[in-house]
Each structure stands twice: as C-alpha cells, then as structure tokens.
Amino acid sequence: SDPIAEARRQWVDHGMAPTAEAMAAVTSVFRAQQIYLTRIDRALKPFGLTFARYEVLMLLTFSRRGTLPLGILGSRLQVHPTSVTNAVDRLEAQGLIRRIPHPTDRRTTLAELLEAGRQRAAEATEAVNTVFAEPGLAPEDVQTLFDVLARLRGDAGDFQPDA
C-alpha cells in the first residue's frame, strides 16, 4: 500500500484533517524529487557528474561565449554561492571548465567552458534525455504537473510571471 496515503489517513485519524491533503501532496513532491534525482544521478554517474555540475556545464554551453560570471551561475541555478564554488571547483579539477578573470571587472571571475566540458555535456545530455523521454507520466500529466508547479514557484517568488 502507499505509505503517503497511510500517512494521510493517520493525519486525519489524529485530528489533523484540515492539513492532511496538503501534507500528502507536499510529501509526494519530496518523494517524486527523490525518484527523479536518483534517475538523473544514475544517468550522469558514468560521466563523473552530479546534476549540479551538469547544470553548470549546460548553462555554459547555452551561453553565447561559453563563459558566465560565477554570480550569474548561482542566480540562474537558484543556489547558494558556496554550491556554485563547489561545482566549479570540481568541474575545474576534472578539466571541463576553468576560471578566468573578467575582461572589464576585476571583482568578477568567469567560468569558461573548455572543449572537454562541451563534449562531456553533449554526451551526458544524451543520457539525461533518456530520463526526460520517459518521465513515468502521460504527456498531458507532464504538462499539468509543470503548470501546477509553475504556479507554486511563481507565487513563491521564483520568477516573475509573464505580463
């Protein structure tokens, strides 16, 4: 039986019915995140990447010059600067990116994608796309899930909704 459904039943039985549905929904999101992260991590492991490091490579791949300031990486990834530093350190140690000084701002350091990083990102993307191709949901459910979570994220200030 579903342990989250059982937790919801227990919530109701112990006088917390008004929040039982939301508890079950939030707990389900946590569990779904664990499931997807496990699948992604399994796909990335042969490439020596975590999802955080893969995301850094992809942001650099998508940038016009293959470089981005470390602060921009953090804001786009929505992570603490320490997490960006850790990911950049590891990618640099792997010979996939390098730090370079900003050409006009001495206070800013850029992460620069190296050819080895571009190649690793392309190979890893093929593996990651096998996970994305089969998310375990019907296409209409994928869109519904995205829409529901986008409303939650927008309301939490994750982004400014389009006017």
Problem set entry | Helix-only mean residue ellipticity at 222 nm for the chain, each DSSP H run of n ≥ 4 adding -39500 (n - 2.57), per residue, nearest 500 | -22000 deg cm²/dmol
Seminar exercise, completed: The rounded separation in angstrom of the Cα centers of region 56-98 and region 1-42 is 33
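With a sphere of radius 13 Å drawn around the Cβ of Val56, what net charge do the other residues whose Cβ falls strictly inside it have (Lys, Arg +1; Asp, Glu -1)? Show your work: numbers first, answer last.
Numbers: positive: Arg53, Arg76, Arg90, Arg98, Arg99, Arg118, Arg120; negative: Glu55, Asp89, Glu92, Glu112.
With Lys, Arg at +1 and Asp, Glu at -1, the neighbours total +3.
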Seminar exercise, completed: In order over region 93-106: 3J(HN,Hα) from phi, Karplus 6.51/-1.76/1.60, θ = phi - 60°, whole Hz, x for each Gly or Pro, gives 4, 7, x, 9, 9, 9, 8, 9, x, 5, x, 10, 10, 5
For this session: Hand me the trypsin sites (Lys or Arg not before Pro) from region 31-96 located in a DSSP loop with no more than 15 other Cβ atoms within 10 Å, in residue order please.
Result: Arg64, Arg65
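Below 8 Å, C-alpha to C-alpha, sequence gap of six or more: please give me the relative contact order for the chain in percent.
Numbers: 133 pairs, mean separation 29.1, N = 163.
Contact order relative to length: 18 percent.
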For this session: With springs only between Cα atoms under 10 Å apart, run a GNM on the chain and tell me which of Ala122, Ala32, Ala17 wobbles the most.
Result: Ala17
For this session: Using amide H atoms built 1.01 Å from N in the peptide plane, name the residues 5+ places from Ile97, or on other chains, whose amide H lies under 5 Å from its own.
Result: Glu92, Leu114
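Evaluate the chain: find the radius of gyration of its Cα atoms, find its Kirkwood radius, and give the ratio Rg to Rh.
That ratio equals 1.07.
Quick one: pull the percentage of alpha-carbon pairs in region 53-140 with a separation above 15 Å. The partial results should precede the final answer.
Numbers: 2271 of 3828 pairs.
The share of Cα pairs beyond 15 Å in region 53-140 comes to 59 percent.
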Exercise. Which of the chymotrypsin sites (Phe, Trp or Tyr not before Pro) across region 68-163 are loop residues per DSSP, with 10 or fewer other Cβ within 10 Å?
Worked result: Phe159
For this session: Classify region 1-86 as rounded, prolate or oblate, taking a ≥ b ≥ c as the square roots of the eigenvalues of its Cα gyration tensor: rounded when a/c is under 1.5, otherwise prolate if a/b is larger than b/c and oblate if not.
Result: prolate
Seminar exercise, completed: Over the chain, with neighbouring protein chains present, the accessible area per residue in Å² at probe 1.4 Å is 69
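Carbon-plus-sulfur fraction of the accessible area of region 8-163, 1.4 Å probe, in percent?
Percent of accessible area from carbon and sulfur atoms in region 8-163: 56.
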Seminar exercise, completed: So, over other residues within a Cβ distance under 10 Å of Val88, counting Lys, Arg +1 and Asp, Glu -1, the net charge is +2
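The values are calculated or read from the model by the stated rules, or taken from the named source; none is laboratory data. Nothing here was measured: the structure is a model prediction, and the numbers come from that model. Don't worry about glycine lacking a Cβ; one is built from the backbone with ideal geometry, like all the others, and counts go over all protein chains shown. These accessible areas exclude ligands, DNA and RNA; they are computed on the full protein's heavy atoms, side chains included. Shrake-Rupley method; radii C 1.70, N 1.55, O 1.52, S 1.80 Å.
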